[in-house]
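**Student:** Before anything else, here's the structure in question.
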Amino acid sequence: MPTTEPRVQRTTKSPVSGPELGARGLRLAYDGRTVVENLDLTVPTGRITAIVGANACGKSTLLRALARLLTPRQGVVELDGVALREVPTRELARKLGILPQTPVAPEGLTVSDLVGRGRSPHQTWWRQWSAADEEAVRGALTATGLTDLADRPVDELSGGQRQRAWIAMAVAQGTPVLLLDEPTTYLDLAHQIDVLDLITDLNRREGRTVVMVLHDLNQACRYADHVIAMKAGRIVAEGPPAEVVTERTVDDVFGLRCRIAPDPVSGTPLVIPLGRHHDDGAGLADAVPAAAVD
């Protein structure tokens with residue numbers, strides 16, 4: 001009896017106008033060791049992009065360069081066609097926010113105070129805290145479900161709550177571009193999904209461009225509109241999840257033999273790892289997964 005394969009339930013979004021982030025001829029290095037070489041990149045505006053790859057492939061290094069936390073040895077990172085190095089710091093902080101892997105809040109800092117720090121780029125010596133700032137903080141706390149925890153010290157929160165507080169700060173900052181370096185690290189599975197749902201809400205509701213480094217391929221397939229697979233400092237594949245996450249690409253990028261099946265919930269590619277004790281004996285497929293979206 002024929003079966004109906006699951007189909008991807010993606011929310012159709014209207015074209016979003018926002019700053020365009022990209023890179024040309026990028027070479028990034030630490031202590032004379034090249035990590036990223038001759039990389040070109042255009043981040044889809046108003047979409048969620050996930051960067052995936054094995055450890056030490058250059059994912060976080062690339063994200064740091066996109067946030068102007070690392071100066072390229074060659075090439076340029078651009079925002080709306082302007083080199084990032086030429087954008088004034090305060091202006092950049094109004095357009096682009098970053099959440100690093102393991103942010104640390106000062107001891108005793110409350111959730112509301114942390115979120116309020118996201119408003120710093122909007123203040124000057126002649127424009128201090130305003131009603132607009134207050135409203136932005138209140139809205140960020142509501143959007144992240146932290147209103148009841150506003151007066152709690154950040155260091156007393158659970159891991160998931162703490163991560164939500166940092167995301168709330170980024171929300172209050174109001175940047176149209178948000179960069180997240182492994183936002184689910186150290187979280188249990190329930191909190192990982194909670195954080196990814198929250199990030200998706202921000203993208204769907206406000207049209208924010210999101211670029212995040214993820215380790216979990218299945219989560220990347222479910223939550224990202226665009227996937228970038230990196231290996232040894234280079235992009236080896238990019239595009240919709242169904243085009244990028246294939247058995248061949250996973251084997252090439254991660255050195256992992258696998259099978260790809262349709263995710264029974266989302267219809268996106270589901271990576272099923274193989275190993276010495278669980279090998280179906282089939283040859284490596286080079287076709288796009290059966291769950292490819294129409």
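The values are calculated or read from the model by the stated rules, or taken from the named source; none is laboratory data. Since the model is a prediction, treat every value here as computed from it, not as a measurement. In this analysis, Cβ positions are derived from the backbone assuming ideal geometry, glycine residues included, and neighbour counts consider all displayed protein chains.
**Student:** With the checklist (1) in contact with a strand residue (DSSP E or B) (Cβ under 6 Å, 6 or more places away or on another chain); (2) modelled with pLDDT of 90 or more in hand, flag the one item PRO19 doesn't pass.
**Tutor:** Failing condition for PRO19: (2).
**Student:** For the stretch 15-73, enumerate the residues that are among the basic types (Lys, Arg), assigned to a loop (DSSP other than H, G, I, E, B) and either within 14 Å of MET230 (Cα to Cα) or touching a residue at least 60 places away in the same chain (Cβ under 8 Å) (or both).
**Tutor:** ARG47
**Student:** Can you name the residue in the stretch 160-187 that is out of contact with any strand residue (DSSP E or B) (no Cβ under 8 Å at 6 or more places or on another chain) and within 21 Å of VAL52 (Cβ to Cβ) and is also surrounded by the most Cβ atoms within 10 Å (Cβ to Cβ) among such residues?
**Tutor:** Per the stated criteria, the residue is GLN163.
**Student:** Can you find a residue in the stretch 227-247 that is polar (S, T, N, Q) and part of a helix (DSSP H, G or I)?
**Tutor:** Looking for residues that are polar (S, T, N, Q) and part of a helix (DSSP H, G or I), one finds none in the stretch 227-247, hence no.
**Student:** Can you tell me which residue among VAL211, VAL227, VAL271, VAL236 is over 30 Å from VAL171 (Cβ atoms), in contact (Cβ under 8 Å) with a residue 40 or more places away in the chain and of a type in the set (A, V, I, L, M)?
**Tutor:** The match here is VAL271.
**Student:** Could I ask something else about it? Return only the number of the condition from (1) touching a helix residue (DSSP H, G or I) at 6+ places or on another chain (Cβ under 9 Å); (2) at pLDDT 95 or above; (3) buried (at least 20 other Cβ atoms within 10 Å of the Cβ) that ALA67 does not satisfy.
**Tutor:** Single failed check for ALA67: (2).
**Student:** Separate question: Considering only the stretch 74-85, how many residues are outside any strand (DSSP E or B) and under 24 Å from ASP31 (Cβ atoms)?
**Tutor:** Residues that pass the stated criteria total 2.
**Student:** What do you reckon, is PRO183 under 30 Å from THR89 (Cβ atoms), in contact (Cβ under 8 Å) with a residue 24 or more places away in the chain, of a type outside the set (S, T, N, Q) and in a loop (DSSP other than H, G, I, E, B)?
**Tutor:** Spelling it out, PRO183 is indeed under 30 Å from THR89 (Cβ atoms), in contact (Cβ under 8 Å) with a residue 24 or more places away in the chain, of a type outside the set (S, T, N, Q) and in a loop (DSSP other than H, G, I, E, B).
Residue by residue, here is whether (1) touching a helix residue (DSSP H, G or I) at 6+ places or on another chain (Cβ under 6 Å); (2) farther than 14 Å from PRO103 by Cβ holds:
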position	(1), (2)
ARG164	no, no
ALA170	no, no
VAL195	yes, no
ARG208	yes, yes
VAL211	no, yes
ALA220	no, yes
LYS231	yes, yes
ILE235	no, yes
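**Student:** Follow-up. Could you tell me whether any residue of the stretch 86-97 is in contact with a Gly (Cβ under 8 Å, 6 or more places away or on another chain), among the small types (Gly, Ala, Ser) and under 24 Å from PRO19 (Cα atoms)?
**Tutor:** yes
**Student:** Follow-up. For ARG138, all conditions in the list (1) of a type outside the set (Phe, Trp, Tyr); (2) more than 17 Å from ARG162 (Cβ to Cβ); (3) modelled with pLDDT under 85; (4) surrounded by 15 or more Cβ atoms within 10 Å (Cβ to Cβ) hold save one; what is the number of the exception?
**Tutor:** Every condition holds for ARG138 apart from (3).
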